[in-house]
Amino acid sequence: LDSSDRKFPPEYDGHFDRLLITREEIKDRANALADLIHKDYKGKRPVLLCVLKGANNFYMHLSEALQDLCQGFYTEFLRVSSYDGLNSTGMLEIGGGLKYKDIEGKDVILVEDIVDTGHTLFNLLPVLKSEAKPLSVECCTLLSKRLDKPAHYSAKYVGFTIPNHFVIGFGLDYNELYRDLQDIWVISQKGIDFDQSTMH
Ligand code: 5GP
Ligand code: MG
Ligand code: MG
């Protein structure tokens with residue numbers, strides 16, 4: 001991919017190894033995923049449940065594409081944080097103002113930025129199902145990593161399967177940086193080492 005026409009804030013200069021996916025490609029793929037979702041949910045009103053913050057940019061494209069297809073949906077958001085105890089249990093906390101009543105008995109499509117090992121969804125889904133009692137839950141993720149071992153969870157709708165590199169941009173962060181990039185890049189060592197305390 002030619003990255004010469006890509007725009008980004010000057011402080012990110014040198015922070016990428018390469019351009020992986022352009023925003024134009026993401027837009028096209030979101031349209032294709034919306035087609036698949038519409039085929040599966042025609043006549044229903046699923047809840048598009050955005051997992052913040054990373055999925056926000058993808059969520060906007062996907063919901064626009066569904067609107068173009070006259071596919072109705074409800075809009076909800078949640079945030080997941082790992083339980084921060086002394087001994088990490090892998091327990092997740094669901095926050096972000098989601099009320100379980102709002103998805104009870106409904107078809108839910110969880111919108112994610114990236115599924116890596118699948119651990120997050122493997123832990124999140126049982127909690128969501130038992131607490132909120134949705135009618136069904138599927139996952140639509142922008143990215144899925146190509147692993148050398150089976151993932152703990154595989155999403156039904158996948159935008160792009162990518163190599164096992166750390167990627168940033170289009171909502172995906174490293175220490176809260178890079179969410180503001182228009183495209184998806186592989187981070188460079190300079191990006192990993194960047195001391196953001198020098199910025200305000
Ligand atoms: P999993 O539980 O599937 O292994 O990973 C889930 C979370 O890890 C993602 O929601 C994301 O926050 C983070 N993550 C995994 N791989 C990447 C990556 O390549 N880039 C970024 N920015 N986050 C990642
Ligand atoms: Mg995520
Ligand atoms: Mg993150």
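Restricting to segment 105-130, name every residue that is farther than 28 Å from THR161 by Cα and surrounded by 13 or more Cβ atoms within 10 Å (Cβ to Cβ). Outline the logic, then answer.
Filtering segment 105-130 down to residues farther than 28 Å from THR161 by Cα leaves 105-106, 130.
Answer for segment 105-130, where residues must be farther than 28 Å from THR161 by Cα and surrounded by 13 or more Cβ atoms within 10 Å (Cβ to Cβ): just LYS106.
Would you confirm, using the coordinates I've provided, whether LEU62 is under 21 Å from THR161 (Cβ atoms) and away from ligand 1 (no atom under 16 Å from the Cβ)? Before you say what the answer is, go through the steps one by one.
On the way: under 21 Å from THR161 (Cβ atoms): yes; away from ligand 1 (no atom under 16 Å from the Cβ): yes.
Spelling it out, LEU62 is indeed under 21 Å from THR161 (Cβ atoms) and away from ligand 1 (no atom under 16 Å from the Cβ).
For segment 24-50, enumerate the residues that are in contact with a helix residue (DSSP H, G or I) (Cβ under 6 Å, 6 or more places away or on another chain), surrounded by 21 or more Cβ atoms within 10 Å (Cβ to Cβ) and assigned to a helix (DSSP H, G or I).
Once the filter is applied, which keeps residues that are in contact with a helix residue (DSSP H, G or I) (Cβ under 6 Å, 6 or more places away or on another chain), surrounded by 21 or more Cβ atoms within 10 Å (Cβ to Cβ) and assigned to a helix (DSSP H, G or I), segment 24-50 yields ALA30, ALA34.
Tally time: how many residues in segment 147-186 are within 14 Å of ligand 2 (Cβ to nearest atom), over 20 Å from HIS119 (Cβ atoms) and surrounded by fewer than 17 Cβ atoms within 10 Å (Cβ to Cβ)?
Number satisfying all stated conditions: 1.
Check PHE16 against each of (1) closer than 19 Å to LEU125 by Cβ; (2) over 19 Å from the mean Cα position of the chain (by Cα); (3) hydrophobic (A, V, I, L, M, F, W, C) and name the one condition it does not meet.
All conditions are met except number (1).
Tell me, please, whether a residue that is within 28 Å of LEU147 (Cα to Cα), within 15 Å of ligand 2 (Cβ to nearest atom), within 16 Å of the chain's Cα centre (by Cα) and touching a residue at least 60 places away in the same chain (Cβ under 8 Å) can be found in segment 61-72.
Narrowing segment 61-72 to residues within 28 Å of LEU147 (Cα to Cα): 61-62.
Within this subset, residues satisfying the condition of being within 15 Å of ligand 2 (Cβ to nearest atom) are 62.
Subset that is within 16 Å of the chain's Cα centre (by Cα): 62.
Now drop any that are not touching a residue at least 60 places away in the same chain (Cβ under 8 Å), which leaves 62.
Looking for residues that are within 28 Å of LEU147 (Cα to Cα), within 15 Å of ligand 2 (Cβ to nearest atom), within 16 Å of the chain's Cα centre (by Cα) and touching a residue at least 60 places away in the same chain (Cβ under 8 Å), one finds at least one in segment 61-72, hence yes.
Does any residue of segment 157-179 turn out to be part of a loop (DSSP other than H, G, I, E, B), closer than 17 Å to PRO10 by Cα and among the small types (Gly, Ala, Ser)?
Taking every residue of segment 157-179 in turn, none turns out to be part of a loop (DSSP other than H, G, I, E, B), closer than 17 Å to PRO10 by Cα and among the small types (Gly, Ala, Ser).
Has segment 30-46 got at least one residue that is within 16 Å of ligand 2 (Cβ to nearest atom) and within 19 Å of LYS106 (Cβ to Cβ)?
No, because not a single residue in segment 30-46 is within 16 Å of ligand 2 (Cβ to nearest atom) and within 19 Å of LYS106 (Cβ to Cβ).
Is it the case that GLY97 is assigned to a loop (DSSP other than H, G, I, E, B), in contact with a strand residue (DSSP E or B) (Cβ under 9 Å, 6 or more places away or on another chain) and on the phi > 0 side of the Ramachandran plot?
Details: assigned to a loop (DSSP other than H, G, I, E, B): yes; in contact with a strand residue (DSSP E or B) (Cβ under 9 Å, 6 or more places away or on another chain): yes; on the phi > 0 side of the Ramachandran plot: yes.
When the stated conditions are applied, GLY97 passes them.
Out of all the residues in segment 145-200, which are over 20 Å from LEU33 (Cα atoms) and among the aromatic types (Phe, Trp, Tyr)?
PHE166, TYR174, TYR178, TRP185, PHE194 - these are the residues of segment 145-200 that are over 20 Å from LEU33 (Cα atoms) and among the aromatic types (Phe, Trp, Tyr).
If I filter segment 126-139 for residues that are away from ligand 1 (no atom under 16 Å from the Cβ), part of a loop (DSSP other than H, G, I, E, B), out of contact with any Pro (no Cβ under 9 Å at 6 or more places or on another chain) and among the charged types (D, E, K, R), do I get at least one hit?
Yes, segment 126-139 contains at least one residue that is away from ligand 1 (no atom under 16 Å from the Cβ), part of a loop (DSSP other than H, G, I, E, B), out of contact with any Pro (no Cβ under 9 Å at 6 or more places or on another chain) and among the charged types (D, E, K, R).
Identify, please: which residue in segment 131-144 is surrounded by fewer than 23 Cβ atoms within 10 Å (Cβ to Cβ) and closer than 22 Å to PHE160 by Cα and is, among those, nearest to ligand 3 (Cβ to nearest atom)?
SER144
Checking VAL108 against (1) away from ligand 1 (no atom under 14 Å from the Cβ); (2) of a type in the set (Val, Ile, Thr); (3) outside any strand (DSSP E or B), which single condition isn't satisfied?
It fails just one condition, (3).
So TYR153 ticks every box in (1) more than 15 Å from ligand 3 (Cβ to nearest atom); (2) at pLDDT 95 or above but one. Which box is left unticked?
TYR153 satisfies all of (1) more than 15 Å from ligand 3 (Cβ to nearest atom); (2) at pLDDT 95 or above except (2).
The values are calculated or read from the model by the stated rules, or taken from the named source; none is laboratory data. Source: prediction; values computed, not measured. Here the Cβ is made from the backbone with ideal geometry for all residues, glycine too, and neighbour counts use every protein chain on show.
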